[in-house]
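See structure below.
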Amino acid sequence: MNDKWIKLVFIAAGIYDGVLAFSFLLMPEAIFNHYQVEPPNHFGYVEFPAMLLLIFAVMFFRVAVNPVKCRELMLYGAALKFSYAFVVFRYAMTTGVPFMWIPWAWVDSAFLVLFLMSWYRTGRHLRVT
């Protein structure tokens, strides 16, 4: 079975998180205004998670270079995606959350599934060789 799709998944994740990170670092006010959401009282609350996304983006590019060797990093990426989606969907079902966060939670849910599939597939590769 061809596993090139795994590299593509992590390249896409790196681009996705990198674009989100730079967007929230460079123009957070414009994003909040676009969605008509009140920004936090201090943009440090936005900049820190954006920097974390940037770190994860770099990690995803690293995984894409050699998925088998960097297999353990896939679970950290899966944990990131699960954490974000869980928090957003939990609040969406209870007290509510601004719509701007929901599409990203769906994308992260898709990446979560793909990361777990990648982790499983690279593990099978290790057992075969």
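Taken together, the values in this text are just the output of simple stated rules run on the coordinates, not laboratory data. Predicted, not measured: the structure shown is a model, and the values here were computed from it. Note that each Cβ is placed from the backbone with ideal geometry, even for glycine, and that neighbours are counted across all protein chains shown.
Projected label points at residue 38 and residue 5, each 7 Å from Cα along the beta carbon direction, are separated by 4.5 nanometres. The distance separating the Cα centre of segment 98-126 from that of segment 1-67 comes to 14 Å. Please check: in the Gaussian network model of the chain (C-alpha springs, under 10 Å), which one of 114, 26, 53 has the largest mean-square fluctuation. Ranking 114, 26, 53 by mean-square fluctuation puts 26 first. Projected label points at residue 93 and residue 66, each 7 Å from Cα along the beta carbon direction, are separated by 4.1 nanometres. Given in Å, the Rg to one decimal and the Dmax to the nearest whole number for the Cα atoms of segment 61-104 are 14.3, 42.
The GNM of the chain, with springs linking C-alpha atoms under 10 angstrom apart, assigns the highest mean-square fluctuation among 33, 41, 66 to 41.
Each Lys and Arg adds +1 at its Cβ and each Asp and Glu adds -1 at its Cβ; summed about the Cα centre, the chain shows a dipole of about 800 debye. Working value for the chain: equivalent-ellipsoid semi-axes of 30, 16, 11 Å, each the square root of 5 times a Cα gyration tensor eigenvalue, largest first. Considering only 67, 37, 48, the residue lying farthest towards the positive end of the dipole of segment 25-93 is 67, judged by Cα position with unit charges set on Cβ.
Comparing 71, 90, 62 in a Gaussian network model of the chain (Cα springs below 10 Å), the most mobile by mean-square fluctuation is 90. Within the chain, the whole DSSP H helices whose Cα atoms reach 24 Å or more along their own axis and whose mean Kyte-Doolittle score is at least 1.6 are 44-65.
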